[in-house]
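The values are calculated or read from the model by the stated rules, or taken from the named source; none is laboratory data. Predicted model only: the values in this text are computed from it and were never measured. Here the Cβ positions follow ideal geometry from the backbone for every residue, glycine too, while neighbour counts run over all protein chains shown. Heads up: the accessible areas ignore ligands, DNA and RNA and are worked out on the full protein's heavy atoms, side chains in. Shrake-Rupley method; radii C 1.70, N 1.55, O 1.52, S 1.80 Å.
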Amino acid sequence: MRASPKKREPFSIYRLFSLFLLQLVAILSGNVRLGFSDEDVRLETLLKPISSKDFVYRYYDSFCGRREAFEKFEEFVHSSKNFFWVKARPGCGKTAFSSMLIWRYSEYVSAAHFCKFNNSDRANPKYILTSIAYQLANALPDYKKKLLELRGLDTIFEKNAMRIFEYLLIEPMSDIRPTHPVVIIIDALDECSWRGDNEICSLLQRMRARIPAWMKFVLTSRDEANIRRYLSSMAVTYTLSDTETDEDLREYYK
């Protein structure tokens, strides 16, 4: 029997400062190298990743609540499932939850993309995939080496999204064995739907048999039919309910 997930302390500005201080010490001591090598520049030039720093830093201060959601995430990370779908109505804090996963579980979360319907790049499946690949390369040295060896990387955007998924996220991962689960967050999936379909969800469903067991996707969205038909049968599903949201709001104001 697996032990229940360890309880975590509430996130605070003091913990954030501690994380920054530890990173600074690691850099000054030479244990962490800043990523400005020719290889990093080449990958950034070819993959054209979209930064999500604005979303990551927006919600960490004064965040509270969502205890059950975090517990369900911890259970998911240590399960055999590849997909965790968090759904809720508009305004319930799906993006804030995604952001806090990055802060609270930095040992697991290696890539994150935040979709926006009014930003054509953020809603474009090709840019979503290349942005994720770029972030994974910074987290997984063996994967980064494989990416740099790919011959067709300079023409990656000429391929369709299905082939980009295979070429960047499936084929190079075949013999990589991380020491822990690697979590990829795609937030607000409903904002990259187009004409009644969602290409990212379709790709995940079609490729799920080839996704490594250690690769975990956290997906957030509204509960829409064009997403439900893909994820309901293959993902661990958690709903941010109105009741839980009201309780969190009361705690926040208190």
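Summary table below
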quantity	calculated
Test set (1) at pLDDT below 90; (2) over 14 Å from the mean Cα position of the chain (by Cα); (3) surrounded by 20 or more Cβ atoms within 10 Å (Cβ to Cβ) - Ser52 fails condition number	(2)
Residue that is modelled with the highest pLDDT [pool: residues in region 236-254 that are open to solvent by 40 Å² or more (accessible area, probe 1.4 Å) and assigned to a loop (DSSP other than H, G, I, E, B)]	Ser241
Residues located in region 85-116, provided they are over 19 Å from Asn198 (Cα atoms) and of a type outside the set (A, V, I, L, M, F, W, C)	Gly91, Gly93, Ser98, Ser99, Arg104, Tyr105, Ser106, Glu107, Tyr108, Ser110
Any pair with Cβ under 8 angstrom, 6 or more apart, that starts in region 214-235 at a residue that is among the aromatic types (Phe, Trp, Tyr) and ends at one that is open to solvent by 10 Å² or more (accessible area, probe 1.4 Å) and not in a loop (DSSP other than H, G, I, E, B)	Tyr230/Ser202; Tyr230/Gln205
Which listed residue, of Asp154, Asp142, is out of contact with any helix residue (DSSP H, G or I) (no Cβ under 8 Å at 6 or more places or on another chain), loosely packed, with under 15 Cβ neighbours inside 10 Å, of a type in the set (Asp, Glu) and more than 29 Å from Tyr238 (Cα to Cα)	Asp142
For Ile156: the one exception among (1) part of a helix (DSSP H, G or I); (2) touching a strand residue (DSSP E or B) at 6+ places or on another chain (Cβ under 8 Å); (3) touching a residue at least 60 places away in the same chain (Cβ under 8 Å)	(2)
Some residue of region 96-115 being farther than 16 Å from Asp187 by Cα and either exposed (fewer than 15 other Cβ atoms within 10 Å of the Cβ) or aliphatic (A, V, I, L, M) (or both)	yes
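This table checks each residue for (1) touching a strand residue (DSSP E or B) at 6+ places or on another chain (Cβ under 7 Å); (2) surrounded by 18 or more Cβ atoms within 10 Å (Cβ to Cβ); (3) among the polar types (S, T, N, Q).
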{"residue": "Asp197", "(1), (2), (3)": "no, no, no"}
{"residue": "Pro212", "(1), (2), (3)": "no, no, no"}
{"residue": "Lys216", "(1), (2), (3)": "yes, yes, no"}
{"residue": "Leu219", "(1), (2), (3)": "yes, yes, no"}
{"residue": "Arg229", "(1), (2), (3)": "no, no, no"}
{"residue": "Met234", "(1), (2), (3)": "yes, no, no"}
